[in-house]
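Beneath this line is the structure, given in structure tokens, with notes to follow.
The values are calculated or read from the model by the stated rules, or taken from the named source; none is laboratory data. Predicted model, so just to flag it, every value in this text is computed and none were measured. With ideal geometry, Cβ positions are generated from the backbone for all residues, glycine too; neighbour counts draw on all protein chains shown. Note: accessible area is taken over every heavy atom of the protein model, side chains too, but ligands, DNA and RNA are not part of it. Shrake-Rupley method; radii C 1.70, N 1.55, O 1.52, S 1.80 Å.
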Amino acid sequence: LVHVTSPMLKCILFGEFDNIVGPKIAFQIPAGFVTQDTFDGISEYIITKPALSGKLITLNAYRLKFLGVSVIIEGSKYQRNALLFNPTFVFESRTDTQPYDPIVRKLADILQTLEKEGEFLSNPSHKRKLPFIFEQIFNDLNSKGECAIRVDQVNSINLKLFPKLEDPPHVLDHQVPVRVVDFDANVTSNWDITMLQVIPYIDGVNYVARIAKLACIDIALVRKCLQHLIYYGCIEMIPIFQYGNVYTPTPHIRKLSDNVAMQRACVGYVAMPGAPPPTFANIFTLYCALHPAITFREFCQVWFIIKKGVCVYEITIHV
């Protein structure tokens, strides 16, 4: 319901322990992004001691941020009785990488499972597929925020990025929730029972305290339901309507002047029930006439907006 831009992934590298040279970059996408000197300076945090095995590690160094999970698979079939590797994501140093935490954990778990079940990392004929898989992960996460990659006939890598959303603001008792999505197309019987009781009273007129009274629900629960709807971009909160208020258009009114579909929706929304619909030209003239020097009561008296077939309340919501 809401789109949030996610941090751009700069590089994915696959670090491993080589029995001759020690920690090394097996490959990276794109090639050469992390220099050998940089890797040598952070290698102890890529290929770690057993105490940090399986832990998500975030490291800021060399103006970059590294996010990875060091994995140790023990077994007598491996030289030194262990296979050590780390799929590491690289970002700019100031990037908030929290949305990628579950993706890196899941990728490390998948690679560990592939190795245990089919020697995907230790068998050279299988391992040579890995750079191509990492390249697709890199490209798909940056372009689509998700990837679905078939590894073989029975295994696949499915990753999806869920961007971090900002915490919703506090909901005040006198505020009015306004729908910004079509609830009829999204609400199902599987939704929370309290939410289903609250939604019918979200009509752009009822304020929070009144919704709680009409739905016979504790107002604290109503506030929490509305916060959830704000969080997922389903509603916005506006001040309660009063004739003594002052209303003025926002800069977004430019969009209304250029968008024909928005104009039709606006006419349908502000038209007074049972009256001939106003023209968009008349509505837009009313919007442009709003300014901070007069109250809405004075505005209605000067412009006779009821006679123009415009609902006095709905027009303020679109300002």
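Tabulated results
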read-out	value
Of all residues in the range 161-173 being hydrophobic (A, V, I, L, M, F, W, C) and over 21 Å from residue 237 (Cα atoms), the one that is most open to solvent (accessible area, probe 1.4 Å)	162
Residue check for residue 77: open to solvent by 30 Å² or more (accessible area, probe 1.4 Å), outside any strand (DSSP E or B) and closer than 19 Å to residue 123 by Cα	yes
Where residue 61 falls short, out of the listed (1) touching a helix residue (DSSP H, G or I) at 6+ places or on another chain (Cβ under 8 Å); (2) open to solvent by 40 Å² or more (accessible area, probe 1.4 Å); (3) not acidic (Asp, Glu)	(2)
Residue, farthest from residue 312 (Cα to Cα), within the range 213-240, restricted to residues that are in contact with a helix residue (DSSP H, G or I) (Cβ under 6 Å, 6 or more places away or on another chain) and touching a residue at least 24 places away in the same chain (Cβ under 8 Å)	221
Wholly within the range 232-319, helices (runs of 4 or more DSSP H) carrying at least 2 residues that are under 20 Å from residue 205 (Cβ atoms) and open to solvent by 40 Å² or more (accessible area, probe 1.4 Å)	260-270
Filter result for the condition that a residue is within 18 Å of residue 238 (Cβ to Cβ), under 24 Å from the mean Cα position of the chain (by Cα) and at pLDDT 90 or above, over 199, 211	199
Residue that is surrounded by the fewest Cβ atoms within 10 Å (Cβ to Cβ) [pool: residues in the range 214-231 that are hydrophobic (A, V, I, L, M, F, W, C) and in a loop (DSSP other than H, G, I, E, B)]	216
Within the range 174-213, tally of residues that are open to solvent by 70 Å² or more (accessible area, probe 1.4 Å) and in a helix (DSSP H, G or I)	8
Residue list for the range 128-160, restricted to those being open to solvent by 80 Å² or more (accessible area, probe 1.4 Å) and not acidic (Asp, Glu)	128, 129, 132, 143, 144, 150, 153, 154, 160
Any hit, the range 116-138, residues being in a helix (DSSP H, G or I) and closer than 23 Å to residue 49 by Cβ	yes
Scope the range 117-160; condition among the polar types (S, T, N, Q) and either under 24 Å from residue 233 (Cβ atoms) or touching a residue at least 40 places away in the same chain (Cβ under 8 Å) (or both); matching residues	122, 142, 143, 155
The range 83-107, subset aliphatic (A, V, I, L, M) and in a strand (DSSP E or B), residue nearest to residue 145 (Cα to Cα)	90
Residues of the range 49-74 classified as in a loop (DSSP other than H, G, I, E, B) and in contact (Cβ under 8 Å) with a residue 12 or more places away in the chain, total	6
From the options 33, 14, 27, residue that is touching a Leu at 6+ places or on another chain (Cβ under 9 Å) and open to solvent by 60 Å² or more (accessible area, probe 1.4 Å)	33
Any hit, the range 96-110, residues being in contact (Cβ under 8 Å) with a residue 40 or more places away in the chain, among the basic types (Lys, Arg) and open to solvent by 40 Å² or more (accessible area, probe 1.4 Å)	yes
Residue 176 vs. criteria among the β-branched types (Val, Ile, Thr), modelled with pLDDT of 90 or more and more than 30 Å from residue 117 (Cα to Cα)	yes
Subset tally (residues that are in contact (Cβ under 8 Å) with a residue 24 or more places away in the chain and within 16 Å of residue 217 (Cα to Cα)) for the range 179-197	3
Residue list for the range 17-48, filter: part of a helix (DSSP H, G or I) and of a type in the set (Gly, Ala, Ser)	41, 43
Residue within the range 13-34 that is among the polar types (S, T, N, Q) and over 22 Å from residue 101 (Cα atoms) present	yes
